[in-house]
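Asker: Take a look at the following structure, please.
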Amino acid sequence: MSRLSSRHLLGLEGVPAEDIQSILETSNTFREVLDRTIKKLPTLRGMTVLNLFYEASTRTRISFELAEKRLSADTVNFSKAGSSVSKGESLRDTVQNIEAMKIDMVVVRHKSTGVPYFLTQCMDANIINAGDGAHEHPTQALLDMYTIWKKYGRLDGLRVVLVGDVKHSRVIRSNIWGLKTMGASVALCGPSTLFPYDIEKFECDSYTDIDEALDGADVVNIMRIQLERQQAGIFPSQREYTNLFGINKERLRNLNKNYTIMHPGPMNRGVEITSEVADSDKSVILEQVTNGQAVRMAVLYLLSGRKEEE
């Protein structure tokens, strides 16, 4: 039986605070495991996890694969290239044929919003969303939240500024829902052309002035600017974006003393963040990567319903 309120992790919107807290605390246990000489546990031995990636990914895919292997699960990796999808097979037929091979859990990334939910309607396996369209990317937000929680010992009452493409970023959406549920104050900042038309639904402060947004912030989470947005004419140039929204050392003066710099990667150094800021002692960017394994181990474990084995 699942230790979370749902058998699946499709997003953080509507996920109760108790579930998020359980994931954070369980992640802490697995984070300690990653510091051991032997980083492997028998927790998911006998279970098979399918990594179903229809979109290119490096960090998320490798992080999930390592998390699965460190819990002793059997892993199967699927990529769209060279599969029956190129022969015209539907998504439903693909996943049902794979499930017939006795798959227990599926980690899915897809360019189309709603695919993880669709899989819950045609498979019995536990489904984990590793990013769907411009919808959500829950495990990225959870590892961001865990990194903050580990440093400050709380999320409640902290001011977190999310900078970048609010309109298209699934990471921003998941961070908004998760952080607000846990009591953090969330502010959004970016060009008005990269705000969704219904930005009010997030019930967050929103800014087009980066210096105003950073005033009194504890955490700044900087999102990658996707170059295709600039080519589409949504903002004039990378240089203008950097001048107006790029995080450099001078802009950090408005932050609270014990501030934290975050970025989910990959970074466009010199565009949304300078190397001086990314490599500073206030940056936890590489720590986010390590913590991502612990968080994904926690999610896999909690959804599996297995008992933890040391």
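Any read-out appearing in this document is the output of simple, stated calculations on the displayed coordinates, not a laboratory observation. If you're wondering where the values come from, they're calculated on a predicted model, not measured in any experiment. So basically every Cβ, Gly included, is an ideal-geometry build from the backbone, and we count neighbours across all protein chains shown.
Asker: With +1 on the Cβ of every Lys and Arg and -1 on the Cβ of every Asp and Glu, and nothing else charged, how large is the dipole of region 55-192 about its Cα centre, in debye rounded to the nearest 20? Could you put the intermediate results ahead of the total?
Answerer: Numbers: 18 positive and 14 negative charges, 110 e Å.
Using only the charged Cβ atoms, the result is roughly 520 debye.
Asker: To test your reading of the geometry: what angle, between 0 and 90 degrees and rounded to tens, separates the Cα axis of helix 285-304 from the longest principal axis of the chain?
Answerer: Approximately 40 degrees, to the nearest 10.
Asker: List the residues of region 124-138 whose backbone N lies under 18 Å from a point placed 7 Å from the Cα of residue 90 along the Cα-to-Cβ direction.
Answerer: Only 124 fall inside the zone, counting backbone N under 18 Å.
Asker: Also, quick follow-up: Against the longest principal axis of the chain, how steep is helix 59-70, in degrees 0 to 90 to the nearest 10, with axes from Cα atoms?
Answerer: Roughly 40 degrees, rounded to the nearest 10.
Asker: A further question follows. With the calculation restricted to Cα positions, what are the radius of gyration and Dmax of the chain in angstrom?
Answerer: Both quantities, over Cα of the chain: 19.3, 57 Å.
Asker: Something else about it: Residues with amide H under 5 Å of residue 75's amide H, sequence separation 5 or more or different chain, H placed in the peptide plane at 1.01 Å from N; which?
Answerer: Here the answer is 49, since their amide H atoms fall under 5 Å of that of residue 75.
Asker: Please report the antiparallel percentage of the DSSP beta bridges confined to the chain, to the nearest 5. Mind dumping the intermediate values first?
Answerer: Working: 1 of 36 bridges.
DSSP beta bridges in the chain are roughly 5 percent antiparallel.
Asker: Using +1 at the Cβ of each Lys and Arg and -1 at the Cβ of each Asp and Glu in the chain, identify which of 23, 52, 217 lies farthest towards the dipole's positive end.
Answerer: So the residue we want is 52.
Asker: Take the alpha carbon atoms of region 176-194, find their center, do the same for region 15-58, and report the distance between the two centers in whole angstrom.
Answerer: Using only Cα atoms to place each centre, the spacing works out to 25 Å.
Asker: Along the Cα→Cβ direction, 7 angstrom out, place labels at residue 32 and residue 18. What is the inter-label distance in nm?
Answerer: 2.5 nm
Asker: Does region 136-231 classify as rounded, prolate or oblate by the C-alpha gyration tensor (a ≥ b ≥ c root eigenvalues; a/c under 1.5 gives rounded; else a/b over b/c gives prolate, otherwise oblate)? Please list the in-between numbers first.
Answerer: Working: a/c = 1.71, a/b = 1.43, b/c = 1.19.
Note, shape of region 136-231 comes out prolate.
Asker: Moving to a separate point now. Where Lys and Arg each count +1 and Asp and Glu each count -1, what net charge lies around residue 267 among other residues with Cβ under 13 Å from its Cβ? Show your work: numbers first, answer last.
Answerer: Working: positive: 59, 224, 269; negative: 272, 276, 279.
With Lys, Arg at +1 and Asp, Glu at -1, the neighbours total 0.
Asker: Find how much the distance from residue 7 to residue 226 grows on full extension, using 0.36 nm per residue of separation minus their present alpha carbon separation; answer in nm with one decimal.
Answerer: Numbers: separation 219, 0.36 × 219 = 78.84 nm, distance 3.28 nm.
Between residue 7 and residue 226, full extension yields 75.6 nm more.
Asker: A follow-up question, please. Could you state the angle between the C-alpha long axis of helix 17-33 and the longest principal axis of the C-alpha atoms of the chain, as a value from 0 to 90 degrees rounded to the nearest 10?
Answerer: Helix 17-33 sits roughly 80 degrees off the main axis of the chain.
Asker: Next up: To one decimal place, what orientation-averaged projected area in nm² is obtained for the convex hull of the Cα set of region 153-310?
Answerer: Details: hull surface 42.6 nm².
It is 10.7 nm².
Asker: Let me ask something additional. With each pseudo-label sitting 7 Å past Cα toward Cβ, what's the residue 281-residue 113 distance in nm, one decimal?
Answerer: Computed distance between label sites residue 281 and residue 113 equals 4.4 nm.
Asker: In the chain, if the dipole is taken from +1 on Lys/Arg beta carbons and -1 on Asp/Glu beta carbons about the Cα centre, which of 178, 64, 41 is farthest to the positive end?
Answerer: 41
Asker: At a temperature of 10 °C and a viscosity of 1.306 mPa s, determine how fast region 261-310 diffuses translationally according to Stokes-Einstein, using the Kirkwood radius over alpha-carbon pairs as Rh; express D in µm²/s, rounded to the nearest whole number. Before the final figure, lay out the partial values.
Answerer: Numbers: Rh = 12.8 Å.
Value of D from the Cα-based Kirkwood radius: 124 µm²/s.
Asker: Where a ≥ b ≥ c are the square roots of the eigenvalues of the C-alpha gyration tensor, would you call region 20-114 rounded, which needs a/c under 1.5, or, failing that, prolate if a/b is larger than b/c, or oblate? Mind showing how you got there, number by number?
Answerer: Values: a/c = 2.28, a/b = 1.92, b/c = 1.19.
Prolate.
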